[in-house]
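First up is the structure itself, then whatever we jot down about it.
The values are calculated or read from the model by the stated rules, or taken from the named source; none is laboratory data. Fair warning: this is a prediction, and the values are worked out from it, not measured in the lab. Here Cβ is always computed from backbone atoms with ideal geometry, including for glycine, and neighbour counts include all displayed protein chains. Just the protein is used for accessible areas: all its heavy atoms, side chains included, with ligands, DNA and RNA removed. Shrake-Rupley method; radii C 1.70, N 1.55, O 1.52, S 1.80 Å.
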Amino acid sequence: MSVSASFKEFLIEQMAGFGPVTIRPMFGGAGVMRDGLMFALIDDEVLYLKADDTTKAEFVAENLAQFTYMSRGGKMMEMAYWRIPERCLDDADEMAKWCRVAYGVALKAAAKKKPRK
């Protein structure tokens, strides 16, 4: 689980049409943030976008994989992140479109969380 500096730089440039993003290390991979809100993650040079019950159908329709990892107890865990279509890596407009949807999901999820005391 690693992410090269060159891949991070490429993604920041490719996402410029969506808006300014930052990438920070997380659990051996990296989280992709906009305005402090994580909407994507990177693992082994693969970008995954946040999805919910409404948006995951788009990922399923394109036969894209859901992000999974092995827990310490040996159980396969799924997260609400799905692999981005490969065409997004070649088409900045397509990247921006998919990122906007994922960011919307992240905003909805953040709004549902209880405020910290």
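The table that follows gives values for the structure above.
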quantity	calculated
Index of the failed condition, residue 57 passing every other in (1) open to solvent by 30 Å² or more (accessible area, probe 1.4 Å); (2) among the aliphatic types (A, V, I, L, M); (3) free of Cβ contacts under 8 Å to residues at least 40 places away in the same chain; (4) assigned to a strand (DSSP E or B)	(4)
Where residue 64 falls short, out of the listed (1) in contact (Cβ under 8 Å) with a residue 24 or more places away in the chain; (2) in contact with an Asp or Glu (Cβ under 9 Å, 6 or more places away or on another chain); (3) more than 15 Å from residue 100 (Cα to Cα)	(1)
Count of region 8-22 residues which are open to solvent by less than 30 Å² (accessible area, probe 1.4 Å) and either more than 16 Å from residue 94 (Cβ to Cβ) or within 14 Å of the chain's Cα centre (by Cα) (or both)	5
One residue from 49, 64 being modelled with pLDDT of 95 or more, in a strand (DSSP E or B) and surrounded by 12 or more Cβ atoms within 10 Å (Cβ to Cβ)	49
Selection within region 59-85 - among the acidic types (Asp, Glu) and either over 21 Å from residue 108 (Cα atoms) or in contact with a Pro (Cβ under 9 Å, 6 or more places away or on another chain) (or both)	62
Lone qualifier among 102, 109, 92 - being within 22 Å of residue 19 (Cα to Cα) and at pLDDT below 95	109
Region 73-96, subset closer than 13 Å to residue 56 by Cα and among the aliphatic types (A, V, I, L, M), residue most open to solvent (accessible area, probe 1.4 Å)	79
Lone unmet requirement of (1) open to solvent by 50 Å² or more (accessible area, probe 1.4 Å); (2) at pLDDT 95 or above for residue 40	(1)
Hey, residue 30 over 11 Å from the mean Cα position of the chain (by Cα) and open to solvent by less than 20 Å² (accessible area, probe 1.4 Å) or not	no
Residue within region 15-30 that is at pLDDT below 95 and β-branched (Val, Ile, Thr) present	no
